[in-house]
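Asker: One structure follows; several queries about it will come next.
The values are calculated or read from the model by the stated rules, or taken from the named source; none is laboratory data. Please read all numbers here as calculations on a predicted model, not as lab measurements. Virtual Cβ from ideal backbone geometry, glycine too; neighbours counted across all protein chains shown.
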């Protein structure tokens, strides 16, 4: 394939220290930069030209030198009750530099969790579901390792994986955070209540709540855009995905300063956040692997998605389409979905509270239906702009690969001023929300 035909960056980029950056920036003349570009150094920034000059040696990798072998590592503990239902946890093993934060910290959380599950298995306490532990190669080159694995095993993963937990650049400070499918966020919050905080006092939840002045509504988590190995599972296959971490000020992203020295002195000096993070991951995996009925909360899912329709309404208003494009049918569909989800949650809680709980065969039927919910919010042809992205709930922003775009099929039509396509995509989205609701109905019927 000709290199010029590929959609790849053309400008080399390298992070540098602020001391070196100052030597280039401070002497520059020309117009002042926009205010949003003004950085933290104590002088006014300008766009140039000159008079600063630099000499740089650039070593490119082209032709045969551009090809490198990569390796994923995958380990598995087979489940004792439902071996055909898999929980997968992974983190990328490669890095731009030393990578103490990104992503040694995520990789060691996967390895430590695997060590804990293996110790339990040796003592005869195998998980009820199969647990898969993966480390991915070439994430920094475009999510290549995980994407190749997902694409090669697409049918298998779609049939068996109940959730994917991704740990990437996760531990470099005291402040808890997380993100994922709205169906997983209540599980993540519940896990914070049983793990001691790395700084304390109390649990991760206690410190998180105190940091937000006791306001439980402020304990939010992000949704998944792009830039990490959840993409193949979540955006391509519609498998519930997410991850947790502890962050703080750093400024070392993708640089030579992301090192053991920085982590030991500044990021997580006693490695307490690493320990708490691994404990959280283990708790999350343990509940996903051992709960009789999958701890996926589709009432929370429906509620959050309904709130995000406001983003579509805002875009429609800006385009002055209120008379020709409406989201009311989508709001109604999400209301129906959420009502069914709440009824299912109540029935699930009641069934689990009964003596004897739920037998294995019935639980398997319920869980197979639950696994269909978010898969039914995908479509085989994918997004118009990017067919590989098949999920219609969230995607990476087309213009910013790290940012999150809710309802991307509709949002992109609004962004590019295509009212007819926006209406068409809204009809399709409503239909798929109703199909997802039908999966919840199937789960409720199986529970009876």
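Asker: Examine region 152-167 for a residue that is under 17 Å from the mean Cα position of the chain (by Cα), part of a loop (DSSP other than H, G, I, E, B) and closer than 26 Å to residue 193 by Cβ, and state whether such a residue exists.
Answerer: Checked against the condition, which is being under 17 Å from the mean Cα position of the chain (by Cα), part of a loop (DSSP other than H, G, I, E, B) and closer than 26 Å to residue 193 by Cβ, region 152-167 yields at least one hit.
Asker: For region 250-260, check the following and say yes or no: at least one residue is farther than 23 Å from residue 181 by Cα, in a helix (DSSP H, G or I), at pLDDT 95 or above and assigned by TED's automatic domain parsing to the domain that holds residue 90.
Answerer: Yes: region 250-260 contains one or more residues that are farther than 23 Å from residue 181 by Cα, in a helix (DSSP H, G or I), at pLDDT 95 or above and assigned by TED's automatic domain parsing to the domain that holds residue 90.
Asker: Before we move on, is residue 106 assigned to a strand (DSSP E or B), at pLDDT 95 or above, closer than 30 Å to residue 13 by Cα and under 16 Å from the mean Cα position of the chain (by Cα)?
Answerer: Values: assigned to a strand (DSSP E or B): no; at pLDDT 95 or above: yes; closer than 30 Å to residue 13 by Cα: yes; under 16 Å from the mean Cα position of the chain (by Cα): yes.
So residue 106 fails the test.
Asker: Would you please name the residue that is nearest to residue 200 (Cα to Cα), looking only at residues in region 225-247 that are part of a loop (DSSP other than H, G, I, E, B) and touching a helix residue (DSSP H, G or I) at 6+ places or on another chain (Cβ under 7 Å)?
Answerer: At the first step, the residues of region 225-247 found to be part of a loop (DSSP other than H, G, I, E, B) are 225-229, 237-240.
Filter once more, keeping what is touching a helix residue (DSSP H, G or I) at 6+ places or on another chain (Cβ under 7 Å): 229, 237-239.
On the way: 229: 31, 237: 38, 238: 36, 239: 34 Å.
So the residue we want is 229.
Asker: Under 27 Å from the mean Cα position of the chain (by Cα) and surrounded by fewer than 16 Cβ atoms within 10 Å (Cβ to Cβ), is that true of residue 374? It would help to see each step written out before you state the result.
Answerer: Working: under 27 Å from the mean Cα position of the chain (by Cα): yes; surrounded by fewer than 16 Cβ atoms within 10 Å (Cβ to Cβ): no.
When the stated conditions are applied, residue 374 does not pass them.
Asker: Ok, one more. Consider region 246-271. How many of its residues are touching a strand residue (DSSP E or B) at 6+ places or on another chain (Cβ under 9 Å) and on the phi < 0 side of the Ramachandran plot?
Answerer: Filtering region 246-271 for residues touching a strand residue (DSSP E or B) at 6+ places or on another chain (Cβ under 9 Å) gives 246-248, 263, 267-268, 271.
Remaining after also requiring on the phi < 0 side of the Ramachandran plot: 246-248, 263, 267-268.
Total meeting the criteria: 6.
Asker: Residue under question is residue 298, and the condition is that it be surrounded by fewer than 17 Cβ atoms within 10 Å (Cβ to Cβ) and touching a residue at least 60 places away in the same chain (Cβ under 8 Å); does it hold?
Answerer: Values: surrounded by fewer than 17 Cβ atoms within 10 Å (Cβ to Cβ): no; touching a residue at least 60 places away in the same chain (Cβ under 8 Å): yes.
No, not satisfied.
Asker: State all residues of region 387-403 that are modelled with pLDDT under 95 and either surrounded by fewer than 19 Cβ atoms within 10 Å (Cβ to Cβ) or farther than 21 Å from residue 223 by Cα (or both); if no residue qualifies, say none.
Answerer: To start, the set of residues in region 387-403 that are modelled with pLDDT under 95 comprises 396-403.
Passing the criteria: 397, 398, 399, 400, 401, 402, 403.
Asker: Is it fair to say residue 138 is part of a strand (DSSP E or B) and within 28 Å of residue 380 (Cβ to Cβ)?
Answerer: Judged against the criteria, residue 138 is not a match.
Asker: Related question: Before we move on, is residue 307 assigned by TED's automatic domain parsing to the domain that holds residue 81 and either assigned to a helix (DSSP H, G or I) or closer than 30 Å to residue 416 by Cβ (or both)?
Answerer: Working: assigned by TED's automatic domain parsing to the domain that holds residue 81: no; either assigned to a helix (DSSP H, G or I) or closer than 30 Å to residue 416 by Cβ (or both): yes.
No, not satisfied.
Asker: Can you tell me how many residues within region 31-82 are modelled with pLDDT under 85, assigned to a loop (DSSP other than H, G, I, E, B) and closer than 30 Å to residue 146 by Cβ?
Answerer: 5
Asker: Report yes if residue 205 is over 20 Å from the mean Cα position of the chain (by Cα) and at pLDDT 95 or above, otherwise no.
Answerer: Working: over 20 Å from the mean Cα position of the chain (by Cα): yes; at pLDDT 95 or above: yes.
Here the answer is yes, as residue 205 does meet what is asked.
Asker: I'm trying to understand the selection: among the residues of region 201-221, which are surrounded by 13 or more Cβ atoms within 10 Å (Cβ to Cβ) and either on the phi > 0 side of the Ramachandran plot or part of a strand (DSSP E or B) (or both)?
Answerer: Across region 201-221, the qualifying residues are 202, 203.
Asker: Within region 69-93, track down each residue that is out of contact with any strand residue (DSSP E or B) (no Cβ under 8 Å at 6 or more places or on another chain), closer than 18 Å to residue 140 by Cα and in contact (Cβ under 8 Å) with a residue 40 or more places away in the chain.
Answerer: 70, 71
Asker: If a residue has to be more than 21 Å from residue 287 (Cα to Cα) and in a loop (DSSP other than H, G, I, E, B) to count, how many in region 169-200 make the cut?
Answerer: Filtering region 169-200 for residues more than 21 Å from residue 287 (Cα to Cα) gives 169, 171-175, 198-200.
With in a loop (DSSP other than H, G, I, E, B) added as a condition, the list becomes 169, 172-174, 198-200.
Of the residues in region 169-200, 7 are more than 21 Å from residue 287 (Cα to Cα) and in a loop (DSSP other than H, G, I, E, B).
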